[in-house]
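Enquirer: Before I ask anything, here is the structure I am working with.
The values are calculated or read from the model by the stated rules, or taken from the named source; none is laboratory data. Quick caveat, the model's predicted, so the values are computed rather than measured. Cβ atoms come from the backbone with ideal geometry, glycine included; neighbour counts cover every protein chain shown. Heads up: the accessible areas ignore ligands, DNA and RNA and are worked out on the full protein's heavy atoms, side chains in. Shrake-Rupley method; radii C 1.70, N 1.55, O 1.52, S 1.80 Å.
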Amino acid sequence: MWALLVLIGAASVSAHLQDLSFDRQKVFRVIPQNDEQVEILNFLANIMEVDFWQPDSVTLVKPKMQVDFRVEAEKSFDVEELLKESGMEYQVLIDNLQAAMDAQFDSKVRAASHSYEKYNNWDTIAAWTADIAAQNPALVSRSVIGETYEGRPMYLLKMGKSGQNKKAIFMDCGFHAREWISPAFCQWFVKEAVETYGKDTVMTTLLDKLDFYVLPVVNIDGYVYTWTNDRMWRKTRSKNAGTTCRGADPNRNFNAGWCTLGASNSPCSSTYCGSAPESEKETKALADFIREHLSTIKAYLTIHSYSQLLLFPYSYTYNLPSNYQELNSIASAASKQLASLYNTKYTYGPGAETIYPAAGGSDDWAYDQGIKYSFTFELRDTGRHGFLLPESQIKPTCEETLLAVKYIANYVLEHLY
């Protein structure tokens, strides 16, 4: 078996991921049963370019854990042989990544412009932020909270009826560039708020009594890059000194146990923590805004994908937050609300013990700033499509997630502090 590994390694050095044809690339799911099988995955990751989808780094893999990873076409046969030889349980989740990418665009909506049931590129989303604010001046306003590494304005929508001393909830989407369902949800939330205000009693009360800050895409440069160059890009697009590897993981870049557990200090890693906390312009802009509004922001919601989870602090430590019981019961009730529509099952709990440790995340950071209601959603699905969720699932995914978000927001409204 080790001879096979050495052969794979020799073949893969030349074929780095520069070739961005996804044709016949495969996504495998394995469940290593013991330390030896974990070691084989580590070795595999060391000798060739393996893109870990779940968990997001090989360093987090433990026995009995479900592991999803993507492999280049010319290596997939060798990898499959190796898995068979090692006796590791495996299945091929996606047989041809390019076909899965093409199949994402299955929406029946044929709008050339912005649509809530399609994936929209950044230019379309940016134009939409201006339009939605212009069309709903009594409920929505748009501001710029900073700019990205490549100089794009970061648009923030503020939603709510104007009023005195209103508390607020901050929600962001699009931290990781390839998680396209995430920005789709932020757009959907804004649409639902403006369309159901005055009709739906819960939404009307929420917007009368609270403000919502919605950042539709955090990692705009990365998101643009997934549309133009590499659909599987995750990080920001900043330059790193001394290497051609670009970007940092914006959700490992906050000053919350920064660069300890579950984050990498290698610029080529997909979980690179950055050169310092808030080294990325995008994370700094977000953190600065929250710091400036700490007296009013009472909840923080960040939307990711995939794996159907509702997580709360902590991820950078196995210690539990002081209001663990309360956060756990909110997550439980919100998950029930979410499941009430399409029976979509979510797992909930503190990040580190529910999935894996990950330092430098925005939810932990917000919580440590004193925002005691801090949650991370990992939207659909559980791996059948992974980051390539078809457009036909945007509507049901957003509808069910909205139920959970409304539940949390209403809870926060009733427990202001």
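Enquirer: Need the failing condition index for K118 against (1) in contact with a strand residue (DSSP E or B) (Cβ under 7 Å, 6 or more places away or on another chain); (2) surrounded by 13 or more Cβ atoms within 10 Å (Cβ to Cβ), just the number.
Expert: K118 satisfies every listed condition except (1).
Enquirer: Considering each of E85, E150 in turn, give the residue that is closer than 26 Å to G247 by Cβ, open to solvent by 40 Å² or more (accessible area, probe 1.4 Å) and among the acidic types (D, E).
Expert: Checking each option against the conditions leaves just E150.
Enquirer: Could I ask something else about it? Take V194 and decide whether it is surrounded by fewer than 21 Cβ atoms within 10 Å (Cβ to Cβ), within 21 Å of M171 (Cβ to Cβ) and touching a strand residue (DSSP E or B) at 6+ places or on another chain (Cβ under 7 Å).
Expert: yes
Enquirer: Of all residues in the stretch 88-107 being under 14 Å from E72 (Cα atoms) and in a loop (DSSP other than H, G, I, E, B), which is least open to solvent (accessible area, probe 1.4 Å)?
Expert: N96
Enquirer: Sort out which residues of the stretch 153-164 are touching a residue at least 60 places away in the same chain (Cβ under 8 Å) and either of a type in the set (S, T, Y) or in a loop (DSSP other than H, G, I, E, B) (or both), and write them in order of number.
Expert: The answer is Y155, and nothing else.
Enquirer: A follow-up question, please. Please return the ranges of helices (runs of 4 or more DSSP H) entirely within the stretch 312-385 where 2 or more residues are surrounded by fewer than 24 Cβ atoms within 10 Å (Cβ to Cβ) and modelled with pLDDT under 95.
Expert: Result: 351-354.
Enquirer: Check E399 against each of (1) of a type in the set (D, E, K, R); (2) open to solvent by 10 Å² or more (accessible area, probe 1.4 Å); (3) farther than 14 Å from A339 by Cα; (4) assigned to a helix (DSSP H, G or I) and name the one condition it does not meet.
Expert: Exception for E399: condition (3).
Enquirer: With respect to the numbered conditions (1) touching a Lys or Arg at 6+ places or on another chain (Cβ under 8 Å); (2) closer than 23 Å to N219 by Cβ; (3) not acidic (D, E), which one is the sole condition not fulfilled by Y373?
Expert: Of the numbered conditions (1) touching a Lys or Arg at 6+ places or on another chain (Cβ under 8 Å); (2) closer than 23 Å to N219 by Cβ; (3) not acidic (D, E), the odd one out for Y373 is (2).
Enquirer: Name every residue in the stretch 121-147 that is open to solvent by less than 40 Å² (accessible area, probe 1.4 Å), in contact with a strand residue (DSSP E or B) (Cβ under 9 Å, 6 or more places away or on another chain) and closer than 15 Å to I220 by Cα, in order of residue number.
Expert: Across the stretch 121-147, the qualifying residues are I125, A126, T129, I145, G146.
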